[in-house]
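The values are calculated or read from the model by the stated rules, or taken from the named source; none is laboratory data. Remember, it's a predicted structure, so these values are computed and weren't measured experimentally. Surface areas here come from the heavy atoms of the whole protein model, side chains and all, with no ligands, DNA or RNA. Shrake-Rupley method; radii C 1.70, N 1.55, O 1.52, S 1.80 Å.
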Amino acid sequence: MKSVTVLLASFALLAPTNAHYFFSRLILDGKWTSTWEYVREISPYPGDTTKLAMAYPNTDPDSPDLRCGRNATIGWSQPKTATVKAGDTIGFGAAEYELVEVPRMYHPGVASAWLSKVTGDLNQYLGDGEWVKIMQTREREAQSVDFTKEENKLLYNQMKSLWATFQADSWNFTIPATAPSGRYLLRYEHMFPNPQDTQFYVNCANIEVVNEGTEGAFPAGVKIPGVYTRGQKDVYFSTYDYGLKGSLDGYKTPAPEPWKG
Ligand SMILES: *[C@@H]1O[C@H](CO)[C@@H](O)[C@H](O)[C@H]1NC(C)=O
Ligand SMILES: *[C@@H]1O[C@H](CO)[C@@H](O)[C@H](O)[C@H]1NC(C)=O
Ligand SMILES: [Cu+2]
C-alpha cells in the first residue's frame, strides 16, 4: 500500500513541473541553435534551487520581466546576434531540462512574436521602447502537432488541442518582408490564459535584419509591460470554456493585431 501512495505522490509532483517551459533556442536557417546562444539568459525563480526554477512562468503583467523573462531586462549573458533576411523564417524552440525528454508548450494558449528596434548595444537595451507584434496564433494551423500520427497520439487532449501551439516543441514565423534593416530584440511569448494568474512564457533574442528588397516604415508599437491589464477578458479567462464547447468561436486574440509588413 505504501509504495502505491509514494508512487501516486511522485506522479502528482511530476504533473505540474512538466507543465512549464522556456524558449532558449533560436531556430535560425532551419536549425535549432544552442540554449542561450542567441537568446537572453533568464534567472531561476528565486528560492527554488531545482533546475525547474528556470521554467517558472511570469504571472505579473506589470513587471518589466514581461519583456524578456525573469531578470533579463538587459542581456547580461551577452548572447550572439543572429543575422536574418527580411521575409525569412525564424523560430523559437523550447529548452531541454531535467525530467522532460522533449519540452513542449504543454499549456493551451496563444503565442506571439514581437520586434523592438534598437539603436545602441542590443545587450544593453532595456526593452523599454516600443514593441511591434509580427505574429499571433489562435486555432490550429499547418505547423500544429498532428495528433493523428501514432507518435503524437498520447499528446492529444480534447480540452486543449483546439489551440495552435498545444504540445508543439517550437514555433516558426517570418520576419516581415518590408522590415527595415537594423538591430532588433525579437521576443517570443506563449501565454497560458487563466481567470486569475495568466502565465506568460517569454524570451528574447538578438537579431540583425538585413533587407535586400523593399524597406517599409517600421510601425508604431506598444510598451511592455502595459500591453496587458490584469483581468482583461481576452487574456484572463478559462481555456476550458472553449474546450467544453469544442471550438474557439467567439474568442478574439488580444490587441494589437500583428504587422505583416
Ligand atoms: C520549426 O522549424 C524547425 C527547423 O526547421 C523544425 O525542426 C521544427 O519542427 C519547426 N517547428 C514546427 C512547430 O513546425
Ligand atoms: C540577475 O542576473 C545577474 C547577472 O547574472 C545576477 O548577478 C543576479 O543575481 C540576478 N538576479 C536575480 C534576482 O536573479
Ligand atoms: Cu504552467
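Per residue, the Cα convex hull of the chain amounts to 143 Å³. Per residue, the accessible area of the stretch 50-195 comes to 41 Å² when a 1.4 Å probe rolls over the protein heavy atoms.
Over 23 Å between C-alpha atoms is what I'm after, so list which of Lys51/Lys149; Lys160/Lys233; Lys223/Lys260; Lys133/Lys223 land there.
Values: Lys51/Lys149 31 Å; Lys160/Lys233 19 Å; Lys223/Lys260 19 Å; Lys133/Lys223 11 Å.
Too far apart for the 23 Å limit: Lys51/Lys149.
Across the stretch 111-124, computed HN-Hα scalar couplings (Karplus, 6.51 cos²θ - 1.76 cosθ + 1.60, θ = phi - 60°) run 9, 8, 10, 9, 10, 10, 7, 10, 9, x, 6, 4, 6, 8 Hz from first to last residue, x flagging Gly and Pro.
With all protein chains in place and a 1.4 Å probe, the accessible surface of the chain carries 54 percent carbon and sulfur.
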